[in-house]
Each structure stands twice: as structure tokens, then as C-alpha cells.
Amino acid sequence: MSISRRQITSAALAAVPLAFAATGTAQAASRHRTVWIAGDSTAAQKYADAAPETGWGMALPFFLHKDRPVANHAVNGRSSKSFVDEGRLDAILAAIRPGDFLLVQFGHNDEKSADPTRYTEPWTTYQDHLRLYIDGARAHGARPVLATSVERRKFDAAGNALPTHGDYPAAVRALAQEEGVALLDIQALSLALWQRLGVEETKTYFNWTATEQDNTHFNPPGAIAVARLVVRELLRTRVLRPQDVRRLDDEIPVSWITWPEATA
């Protein structure tokens, strides 16, 4: 699919009530401001049939005060393109409100060049699709936030943690700078974390079970660790304030992670 530089146009911006310019900031400050997540399986809500697999978005509320609720719309297997094509971004934009945050993390499935329904090229169509999230959030008075892809677990023979996402993280960094959007560099931070933990200890953060050796998806400790990285970046970039955050230096019990039954 070929999309223009601004598929969400100034017409969408014009649809925002004029009164927001004068009152939107004050209104947003007086109510709960939701953190919306658009992303893939690394962040997504998991259900009982997938346990112990855990998306980092499931652990994010543990670190945020209740007046910063999380609306996790990340879904397994989606790319920046397929999420848009399936109407999932539209669903977020229909509900997002002035003062909210739209946290966007894709890349894992954008890399799948054999699948035209998901594949995007880092410096062209990937950035083009990410602009739809940026423009859509801004058109609704919300703040877009870009995150680089969390790293997979991969080591060389010498025990060095290896990057696996090619140019996709660099494309996000460049786009964030170009658009003036807060950047959470989760790829760099997670790669450094895997390096510190090493080959064996990282297995306790990923979905390694008796029957599966999954180096992409997390178990509860891994999801909690990545959510902590996300919140630290939200603070560093001043998207959130210290008073928005709780338990950042506390041990989070893995028993807090629960997997609800999937609904039809």
C-alpha cells in the first residue's frame, strides 16, 4: 500500500474543537490521562491459553499511578502497516482524548519481507505508517510517543548480545527527531540489559518452558523488566512526571501478572 506523507491531513486537525486551544490543557490536567499502547506481541495482553507468555504492556500499570491508566491495544503479529489496515489505529483515535498519550512500538513484524500485508521498508513505508500514528494523536489533542523495538534474545559465541532489528530502530530515532516526538529507546536499553544479564540469566526473562525456547516473547520477570525500562524512558523524556510514577525501584511480585480467559 502506498500512502502519502500526510494521510491524516489538516482537515482532521480542523475537526478538533476550537475551544480545545483555550481549555484543553486545563481539562486534561484535571482528569485521568490514559496511556494508549499501539504495538505487537511483545507488548500485548496475553490470555490464559498463552501463559506464561507476558507482554510488557501487562506490567506497565504496576509502575503508574491510577490517574494514568493504561489502554493496551497491542496485538500479536501486527506491524505498523497491518495495525492501520485492520482499523486498529482508527479505533484508538475514536476513543483517545486531549491530554492522553499514544505510545507506539512496532518493528518485529514490519521486518517480515515475505508477507506483503505486514512488511514495511525502514526508511520509507515504515516511517510513513508511523507518521499516521503521530498525526492521528496530534489531531485529537493527544501526545504521540515513539519507542524502538525491544530486542530479541540473541548472543554470539563469545556471549555478546546482538541487535536483530536492522535499520528499523535507526528509522524510528530519525523520525522522532524530525517530528519532534519523544523517543523511548527501548531497543538500546534492552540490548544493554540482556548483555548485563548474560546468556543463561536472560533465559529466565523470556518465554522458555519445558516445551518452548522463545527468544522474542517474555515471561513475567521479563515483561516487568521491560515495562520498568519503558517507564524510566517516559520519565527521562518528560512525557510523565515523577508524581505519575510509583514502585519504580521496588521488586514487583511476578504473582501480580494474571492471564484472563480470552473472550469470544
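The values are calculated or read from the model by the stated rules, or taken from the named source; none is laboratory data. The structure displayed is predicted, hence computed values, not measured ones. Because the Cβ atoms are built from the backbone with ideal geometry, glycine has one as well, and the counts that use them run over all protein chains shown. Just so you know, the surface numbers come from the protein's heavy atoms only, side chains and all, with ligands and any DNA or RNA stripped out. Shrake-Rupley method; radii C 1.70, N 1.55, O 1.52, S 1.80 Å.
Summed over segment 105-143, residues that are part of a helix (DSSP H, G or I) and among the hydrophobic types (A, V, I, L, M, F, W, C) total 6.
Confirm whether L146 is in contact (Cβ under 8 Å) with a residue 60 or more places away in the chain and open to solvent by less than 20 Å² (accessible area, probe 1.4 Å). Judged against the criteria, L146 is not a match.
Of everything in segment 63-83 that is part of a helix (DSSP H, G or I) and touching a Phe, Trp or Tyr at 6+ places or on another chain (Cβ under 9 Å), the residue that is most open to solvent (accessible area, probe 1.4 Å) is K81. Within segment 23-49, the set of residues being open to solvent by less than 90 Å² (accessible area, probe 1.4 Å) and at pLDDT below 50 comprises T23, G24, A26, A28, A29. Of all the criteria given as (1) in contact with a helix residue (DSSP H, G or I) (Cβ under 8 Å, 6 or more places away or on another chain); (2) under 27 Å from A227 (Cα atoms); (3) at pLDDT below 95; (4) not charged (D, E, K, R), the one not satisfied by M1 is (2). For the structure I just gave you, tell me whether D214 is closer than 18 Å to A44 by Cα and of a type in the set (D, E, K, R). It is true that D214 is closer than 18 Å to A44 by Cα and of a type in the set (D, E, K, R).
Checking L60, L102 one by one, the residue that is part of a strand (DSSP E or B), in contact (Cβ under 8 Å) with a residue 60 or more places away in the chain and out of contact with any Ser or Thr (no Cβ under 7 Å at 6 or more places or on another chain) is L102 and no other. No other residue among R131, R138 is closer than 21 Å to D185 by Cβ, touching a Leu at 6+ places or on another chain (Cβ under 9 Å), open to solvent by 10 Å² or more (accessible area, probe 1.4 Å) and in contact (Cβ under 8 Å) with a residue 60 or more places away in the chain apart from R131.
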